[in-house]
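Encoded as structure tokens, the structure appears first; notes follow it.
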Amino acid sequence: MRKVISAAAQQFTERGFERASMESVAQASGVSKMTIYSYFPTKAALFEAVIGQRVGAVFSFADGETLDPGDARKSLTLIGRRFLALIRADDVLGRHRALYGATNQAEAARRAFYRQGPLKSIEQVASYLVEANRSGSLEVRNPGVAADQFLSLFLGAAHIHALLGLGKPTSKEDQRLIDENVDFFMRAHARRS
């Protein structure tokens, strides 16, 4: 199904949710429409799988990097770097633009995007924060709220600028944002003696 998800991602990026079709995904992937429907009963379900796969890659560390509950600063920096890479990607910016402009017919796609994008990201970071709290490197009373707050720190003016197609920050500017956001979060959730 990797071929189908890859072809669907391309179709959604190029055509947007409303104009992409299961037929175009079948043609692009070389997989029959019937086979695709057996795994993904609706276009929204396929869209959800595309988003879920992309967000899942942000938190899978096959390249030897890991989130260390005992080293919150390093781990939060890694999360921030990967999250910024995700939200600054051209295809992700394009999907955001398309979903914000989509008609009411695309409500299922917007719900799928929310579940597999923002909500899944918050859950992944919250899971890490629970472990960091247990290890003693942070003091986090409500990991879900804290995860939402941490990720929200990356969605300010620079991100809005990029969403509007007005240009992306430089890698140096993004690194400064990551460092400042991690510092801010660490001060807010430092273990109190």
Binned at 5 Å from 0, what are the whole-percent values of the Cα-Cα distance distribution for the chain, short to long? 1, 7, 15, 18, 17, 15, 11, 8, 5, 2, 1, 0, 0
Taking a label point 7 Å from the Cα of residue 73 along Cα-to-Cβ, the residues of region 151-193 whose backbone nitrogen sits under 11 Å from it are 183, 186-187
Debye intensity ratio I(q)/I(0), log10, region 1-90, q values 0.12, 0.15 Å⁻¹ (C-alpha model): -0.47, -0.64
Using a basic spin-label model with each label point 7 Å from the Cα along Cα→Cβ, how many nm lie between residue 161 and residue 6? 3.5 nm
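So what is the orientation-averaged projected area of region 103-189, using the convex hull of its C-alpha atoms, in nm²?
Values: hull surface 28.0 nm².
Taking the Cα atoms of region 103-189, their convex hull projects to 7.0 nm² on average.
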R0 = 22 Å: FRET efficiency of residue 176 with residue 90, Cβ-based, nearest 0.05? 0.50
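Computed from the coordinates by the stated procedures, all read-outs in this text should not be read as laboratory data. As the structure is a computational prediction, the values presented were derived from the model and not from experiment. Quick reminder, even Gly has a Cβ in these numbers, built from the backbone with ideal geometry, and neighbours come from all protein chains shown.
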